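Readers should treat all values here as calculations from the given coordinates under stated rules, not as data from a laboratory. Everything quoted here is computed from the prediction, not taken from an experiment. Reconstructed Cβ throughout: ideal geometry from the backbone, glycine too, with neighbour counts over all protein chains shown.
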Amino acid sequence: MLKAFLLFFLLPLLHVSRCFCHESVPPSERDSSCPASSRINHDDIGENPNLKKLESVARLIDESQRILVLTGAGTSVAAGIPDFRSPGIGLYDNLAKYKLPYAEAVFDVNYYRENPYPFVALCRDMYLALNKAQPTLTHYFLKALENHNKLLRIYTQNIDGLDVRAGISPRKVIECHGHFRTASCSKCWKAAPIDSVLKAILEDGQVPICEACGNPVKPDITFFGQALPAIFSDNIEPDTDKADLLLVFGTSLNVAPVSLIPSFVDPDIPRVLFNRDPVDMGNAKHQRDFFVEGDCDTNVRTVVELLGW
Ligand code: OAD
Ligand code: ZN
């Protein structure tokens, strides 16, 4: 009920502010049931706190049947796609040439209606890079979760389609911030043919215009001020109710309502954050949080070795 209430008010894409770390101590006890690979020397684990933590995470994955996954831009950084907010290298620090009033305006639906040119120019720069990127090790790990019948669903904020390109079934992936496969008007929301929209943007460098109302059309990636796709609100409550483990990869959790997903899972469900930076996952009642610091591919590789997959 509380989830439905929050979603009702937070369905439009919103920027939220988070800045502090929330990490509770993982359970210290270990049992012998953790599957081990021969490449990890288990004598080292006692002296390496990160390995010890990864061993606990591997054990959780091994024991879980309905793993909910939340991904952000950090998941695709190793594929050569910059994230948004990493200082200096993130997209938002590199938009000066578009002369925006503030960086996130490039993805703001109200701003797009008034001035579509910055997004159209960015889209040309971005689209080809997204299209030729290859899935990362983390994407293939998520595919392995599906192969082991452990994947409940992936909620991704990414628009690069790399989960499905890694072979994950589309029904397992919820693209919370949309995709480039369809297009619609930014004002009357009438659908427009994606091929001609992409041709206008990519080949002609022109703003695609709605035949019905004359406003700018855009690919169906979700902009600030716009509701998330219905598939998100249709699934988020049952999925967070069913999950027995939450894995979060490469996100600053700065954008609602996706940033609320970690607080939607039950407080006794373990939550694991794989991220370069500490991020607040919300809801202090959670006592079973793990923060796995660093590049997600590096840590995922170790987890896979520990699982023996
Ligand atoms: P952000 O750029 O806000 O956050 C990415 C996070 O991933 C940061 O905390 C990085 O430290 C971390 N990171 C970067 N590389 C990593 C790596 N190799 N391994 C692990 N962590 C890494 O990106 P998102 O949280 O995805 O929406 O951004 C959310 C939304 O904001 C996006 O979907 C986009 C943006 O505005 C729209 O534009 C609609
Ligand atoms: Zn229209």
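What the table shows:
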| quantity | calculated |
| --- | --- |
| Local net charge near residue 114, Cβ-Cβ under 15 Å (Lys/Arg +1, Asp/Glu -1) | +2 |
| Pairs beyond 23 Å (Cα-Cα), from 242/285; 132/218; 99/132 | 99/132 |
| Signed unit charges on C-beta, dipole axis of the chain, positive-most listed residue 86, 106, 60 | 106 |
| Peptide ranges 268-276, 128-136 listed from the most packed, as the mean C-beta count within 10 angstrom indicates | 268-276, 128-136 |
| Among 193-206, 52-65, the order from most to least packed when residues are scored by Cβ within 10 Å on average | 52-65, 193-206 |
| MRE, 222 nm, helices only [DSSP H, n ≥ 4, -39500 (n - 2.57), over the chain, to nearest 500] | -9000 deg cm²/dmol |
| Point-charge dipole on Cβ atoms (K/R +1, D/E -1) for region 167-309, about Cα centre, debye to 20 | 300 |
| Residue order, fewest to most beta carbons within 10 Å, for 236, 81 | 81, 236 |
| Leading residue at positive end of dipole, region 219-309 (Cβ point charges), from 243, 221, 298 | 298 |
| Inter-centroid distance (Cα atoms) of region 169-228 relative to region 235-309, Å | 30 |
| Proxy reagent accessibility, fewest Cβ within 10 Å first, across 231, 67 | 231, 67 |
